[in-house]
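Structure in structure tokens, see below.
The values are calculated or read from the model by the stated rules, or taken from the named source; none is laboratory data. These numbers were taken from a predicted model, which means no experiment stands behind them. Here the Cβ positions follow ideal geometry from the backbone for every residue, glycine too, while neighbour counts run over all protein chains shown. Areas reflect the complete protein model, heavy atoms only, side chains present, ligands, DNA and RNA absent. Shrake-Rupley method; radii C 1.70, N 1.55, O 1.52, S 1.80 Å.
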Amino acid sequence: MATFKDFRNSVKPNWCPGCGDFSVQAAIQRAAANIELEPEDLAVVSGIGCSGRISGYINSYGLHGIHGRSLPIAQGVKMANRDLKVIASGGDGDGFAIGMGHTIHAIRRNIDITYIVMDNQIYGLTKGQTSPRSELGFKTKSTPEGSVESSISIMETALTAGATFVAQSFSSDLKELTSLIEQGLQHEGFSLINVFSPCVTYNKVNTYDWFKEHLVSLSDIEGYDAHNRMIAMQTLMENNGLVKGLIYQNKEKKSYQDLAHGYSETALSKADLSLDNKQFEELISEFM
Ligand SMILES: Cc1ncc(C[n+]2csc(CCOP(=O)(O)OP(=O)(O)O)c2C)c(N)n1
Ligand code: SF4
Ligand SMILES: [Mg+2]
């Protein structure tokens, strides 16, 4: 049986020392081992950004795609081989700016993949511009007078789009993050895990200390019910989205694969899709 070390490869991450993304990498590796996956059972697809490098640092199938497009690729991988556990990953810019259209549709489509966003409230790779997660008034090189746009409330947006699994965590809490990734991978449908993953080089506001001071742990809210969408929304709004833990899960809604007519139980990539002459002629005659 594989351990988390089997999900390591020889590539040395070139993230800055202290970057929150190291913990996300470690949590994915631990979660995969904890749910008894082997490296060949997992595919990690990423977009572009510092965070997007993560697919190269995990010993599994992997694809470092294009900016904002990890989700279409990851959904395609899952549809072609439903036997794989598939993780899509990237930054807040990747998922909530250029890739936002894909994010909303992946949520409502509910294909059984796990989307892990490393949310540092900034564009790290391009050296520190505002992202859709930067707060109003946030000063960067691109907004020296402070951003005049409000931050997108992404967890609330996911709930309204019909998400069946919504969670949020923090790079400093490896135990919780690992557990949420395990739960996300085991959830039958689309799971979104937004991780506050500080950029120590360009974001001097939303630091580790800032999150420790501001984040409210759902496990500290007595009687919090993660199966109640109204409570989830209310709790997010009351805390300005700054909560951590499993926010909402709906186990009743079927995944896309379970609803899609004629979608084979056998992974397409493993099915014999060849046709004999008679089947070929019949197929062609349907279009004539
Ligand atoms: C189509 C396209 N547009 C713009 C870029 C430039 N670009 C690269 S990464 C990035 C944003 C990175 O921010 P984020 O997704 O938050 O990742 P981080 O680096 O913070 O982890 C941008 C705008 C690009 N590579 N491709
Ligand atoms: S620039 Fe920021 S996000 Fe990128 S590796 Fe460095 S600390 Fe991490
Ligand atoms: Mg970012």
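So which of Gly93, Gly124, Gly137, Gly128 ends up being at positive phi and within 12 Å of ligand 3 (Cβ to nearest atom)?
Working: Gly93 fails: at positive phi; Gly124 fails: at positive phi; Gly137 fails: within 12 Å of ligand 3 (Cβ to nearest atom).
None of the other options fit; the residue is Gly128.
Is it the case, given these coordinates, that Ile104 is under 14 Å from the mean Cα position of the chain (by Cα), more than 24 Å from Leu259 (Cα to Cα) and more than 13 Å from ligand 1 (Cβ to nearest atom)?
no
Keeping to the range 125-140, report how many residues are in contact with a strand residue (DSSP E or B) (Cβ under 6 Å, 6 or more places away or on another chain) and either near ligand 1 (Cβ under 9 Å from one of its atoms) or within 22 Å of Ile54 (Cα to Cα) (or both). Please lay out each step first, then the result.
Within the range 125-140, the first condition is being in contact with a strand residue (DSSP E or B) (Cβ under 6 Å, 6 or more places away or on another chain), and the residues that meet it are 129, 131, 133, 140.
Keeping just the survivors that are either near ligand 1 (Cβ under 9 Å from one of its atoms) or within 22 Å of Ile54 (Cα to Cα) (or both) gives 129, 131, 133.
Final tally of qualifying residues: 3.
For the range 208-230, check the following and say yes or no: at least one residue is open to solvent by less than 60 Å² (accessible area, probe 1.4 Å), within 22 Å of Leu125 (Cβ to Cβ) and assigned to a loop (DSSP other than H, G, I, E, B).
no
Quickly run through the range 94-137 and pick out the residues that are open to solvent by less than 20 Å² (accessible area, probe 1.4 Å), within 16 Å of ligand 2 (Cβ to nearest atom) and either in a helix (DSSP H, G or I) or among the hydrophobic types (A, V, I, L, M, F, W, C) (or both).
Asp94, Gly95, Phe96, Ile116, Val117, Met118, Ile122
Does any residue in the range 186-214 that is in contact (Cβ under 8 Å) with a residue 40 or more places away in the chain and farther than 21 Å from Lys78 by Cα come within less than 7 Å, Cβ to Cβ, of a residue that is acidic (Asp, Glu) and surrounded by 15 or more Cβ atoms within 10 Å (Cβ to Cβ) six or more places away or on a different chain, and which pairs are these?
Partner pairs satisfying both residue conditions: Val195/Asp119; Phe196/Asp119; Ser197/Asp21; Ser197/Asp119.
Looking only at residues that are away from ligand 2 (no atom under 16 Å from the Cβ) and out of contact with any helix residue (DSSP H, G or I) (no Cβ under 9 Å at 6 or more places or on another chain) in the range 11-62, which one is farthest from Ser179 (Cα to Cα)?
Selected residue: Glu40.
Which ones in the range 141-175 are within 14 Å of ligand 1 (Cβ to nearest atom), open to solvent by less than 20 Å² (accessible area, probe 1.4 Å) and assigned to a loop (DSSP other than H, G, I, E, B)? Can you show your working first?
Applying the first criterion (within 14 Å of ligand 1 (Cβ to nearest atom)) to the range 141-175 yields 141-142, 151-152, 154, 171.
When the remaining residues are screened for being open to solvent by less than 20 Å² (accessible area, probe 1.4 Å), the result is 154, 171.
Result: Ser171, single match.
Follow-up. So, in the range 187-214, exactly how many residues are away from ligand 1 (no atom under 16 Å from the Cβ) and under 21 Å from Glu238 (Cβ atoms)?
Qualifying residue count for the region: 4.
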